[in-house]
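These notes are about the structure you will find just below.
Please treat every number below as a calculation from the coordinates, not as lab data. Model, not experiment: these values are computed from the prediction. Methodologically, a virtual Cβ is constructed for each residue, glycine included, from the backbone with ideal geometry; neighbour enumeration extends over all protein chains shown.
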Amino acid sequence: MKYLKVIAFTHKQIELKELGKLVICQEDLTDKLEQVRTQFGISEIFYLATCNRVEFVMATEQPVDKAFTQKFIDVLDMGLCPVHTGTFIDGASIYEDREAVNHLLRTSCSLESLVVGEKEILAQLRKAYEKGREAGLTGDYLRMVMNCVVKTAKEVYTHTNISKNPISVVSLAYRKLKDLKLCSNARILIIGAGETNRNISKYLQKHKFSNFAVFNRTVENAIQLAVDLGGEYFSLDDLKTYDKGFDVIITCTSATQPIITPEIYTTLLNGETGRKTIVDLAVPNDTDPEVLEKFPVNFIEVHSLNEIAKKNLQERYQELVHAEAIIEQNIAEFWQQLRQRRVEIAMRQVPEKIKEIRNSALNTVFVDEVQNMDEQSREILEKVINYMEKKYISVPMIMAKDILINGN
């Protein structure tokens, strides 16, 4: 845990609407992380972005504080103005060593989520790590950390009621949508084919909604979701010309600028004047604020779900105690595993070093004496050295294991 550091920007210190400014486009992500890794001497790193948090998880010997975070954000070149940068730095939470592990475990178990008990965060964490691993940004250290993260989360979800009748942001959004009492044939436009929209689509399909049109930047992904829903598919650019009308828009993309502008919204209305519904689960919002000012809209967004989430937290408070006990146990186990792993890595050099000593003794230090021996004596010497070599290798291994396990 000595080198684990986390820089976290979350809904607890920063407005949800502002967090979107820290989202890095996927196309640029690997290059930007590689740049900060090289510049700051970070050995391993990955990046997590969800609707209520942006975090950088890293293994580094560098001291990580507010000053480091300022330089780190500057190098990432997110296009922030100085005022926004200052706000984010002030709101950053920095964890290291044991606190960093504790934070990651609490995050994976949803204890740090907007809605305690939602399981999406574990999948998001795993996906974020996998992207870093595939890009060559992580190694053995963060692999061990993530093994502990996944194990702990599974134990919490299995052995507590923290996720009983789960209420995620998606399910909360659907409940609000359900309260509007839409007919099952309501025309639903789904903008974005990512995990969030796939999840809310499952709710809609389960409750017999059947009239879907899916829009996505990558058409192949739109096709896949549209096929699952029995709907139509379009590219994101087709929003500019879509003229079949709609009753509900459900949008969640990774765009950094609004997708639904007043011009596009007018086109989508196709002359209709009634009140429509927009479910916007993107951070930052995909909906231009002008749309809400100019048109009658039932607007459901992540921020508006906050009060329901607080109530959910209160109802599940008792389960936090059980979850935290599981987390503490896993932190203790992880510390032991980490020590063992460090000894294993260090001990890899023992056999090689002993062989070097053996070769030096036979071929350099005692080369004349060995050459003057008869054949039988050389064989006996070889047997003795082989025996001692094996013992010299095994003894420190056994002693190290004894120290780690029994503290002797």
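For the range 4-164, the alpha carbon convex hull comes to 102 Å³ per residue, rounded to a whole number.
Each eigenvalue of the Cα gyration tensor of the range 55-103, multiplied by 5 and square-rooted, gives one semi-axis; in descending order these are 21, 12, 9 Å. Using only the C-alpha atoms, the convex hull of the range 169-304 corresponds to 97 Å³ per residue. Think of the chain as having a plus end and a minus end, set by charges on the Cβ of Lys, Arg, Asp and Glu; of GLN337, ILE308, ILE327, ILE308 sits farthest toward the positive end of this dipole. Placing +1 on each Lys and Arg Cβ and -1 on each Asp and Glu Cβ, with no other charges, gives the chain a dipole about its Cα centre of roughly 1260 debye. Taking every DSSP beta bridge that has both residues in the chain, what percent is antiparallel when rounded to the nearest 5? The antiparallel fraction comes to roughly 45 percent.
Its relative contact order, with pairs defined as Cα atoms under 8 Å and 6+ residues apart, puts the range 14-106 at 25 percent. Pairs exceeding a 28 Å alpha-carbon distance, out of LYS208/LYS244; LYS32/LYS176; LYS131/LYS164; LYS119/LYS311: LYS32/LYS176; LYS131/LYS164.
The stretch between ASP28 and ASP74, if pulled fully straight at 0.36 nm per residue, gains 15.0 nm over its current Cα-Cα span. Proximity of backbone amide H atoms, modeled 1.01 Å from N, is registered between ARG187 and ASP247, VAL248 at under 5 Å, excluding neighbours fewer than 5 places apart on the same chain.
All C-alpha pair distances within the range 43-83, sorted into 5 Å bins from zero, spread as 5, 16, 26, 30, 17, 6, 0 percent across the bins. When each of the peptides 295-304, 336-345, 108-117, 375-384 is scored by how many other beta carbons lie within 10 Å of its residues on average, the order from highest to lowest is 108-117, 295-304, 336-345, 375-384.
Once the Kirkwood radius over Cα pairs is known for the range 268-308, the Stokes-Einstein relation at 25 °C and 0.890 mPa s delivers a diffusion coefficient of 218 µm²/s. Answer rounded, prolate or oblate for the range 117-197, using the Cα gyration tensor with square roots of eigenvalues a ≥ b ≥ c: rounded when a/c is under 1.5, else prolate when a/b is larger than b/c, else oblate. Judged from the Cα gyration tensor, the range 117-197 comes out oblate (a/c at least 1.5, b/c at or above a/b).
Dividing the convex hull volume of the alpha-carbon atoms in the range 107-158 by its residue count gives 68 Å³ per residue.
Extension gain for the segment ARG187 to LYS164, taken as residue separation times 0.36 nm less the Cα-Cα distance, is 5.1 nm to one decimal. Here the gap between ASP237 and VAL150, fully extended at 0.36 nm per residue and compared with their Cα-Cα distance, gives a gain of 27.5 nm.
Taking 21 Å as the straight-line reach from the Cα of LYS353, the lysines in range (excluding those fewer than 8 positions away in the same chain) are LYS383, LYS390, LYS391, LYS401.
Projecting the Cα atoms of ILE89, GLY41, ALA186 onto the charge dipole of the chain, computed from C-beta unit charges around the Cα centre, puts ALA186 farthest toward the positive end. A simple spin-label model places the labels of GLU263 and GLU344 5.8 nm from each other, with each point 7 Å out along Cα-to-Cβ.
With bins 10 Å wide beginning at 0, the percent of Cα pairs of the chain falling in each bin runs 4, 18, 24, 21, 13, 7, 5, 4, 2, 1, 0. In this label model, GLU352 and THR364 are separated by 1.7 nm, measuring between points 7 Å along each Cα→Cβ vector.
A Förster radius of 56 Å combined with the Cβ-Cβ distance from GLN205 to ILE331 puts the calculated FRET efficiency at roughly 0.90.
Charge dipole (Cα centre; +1 on Lys/Arg Cβ, -1 on Asp/Glu Cβ; no other charges) of the range 4-164 amounts to roughly 540 debye. Could you point to the residue in ILE385, LEU204, ALA255 farthest towards the positive end of the chain's charge dipole, with +1 and -1 charges on the Cβ of Lys/Arg and Asp/Glu respectively? Farthest towards the positive pole: LEU204.
Return the single residue from VAL350, VAL170, VAL365 with maximal mean-square fluctuation; model: Gaussian network over the chain, springs between Cα atoms under 10 Å. It is VAL365.
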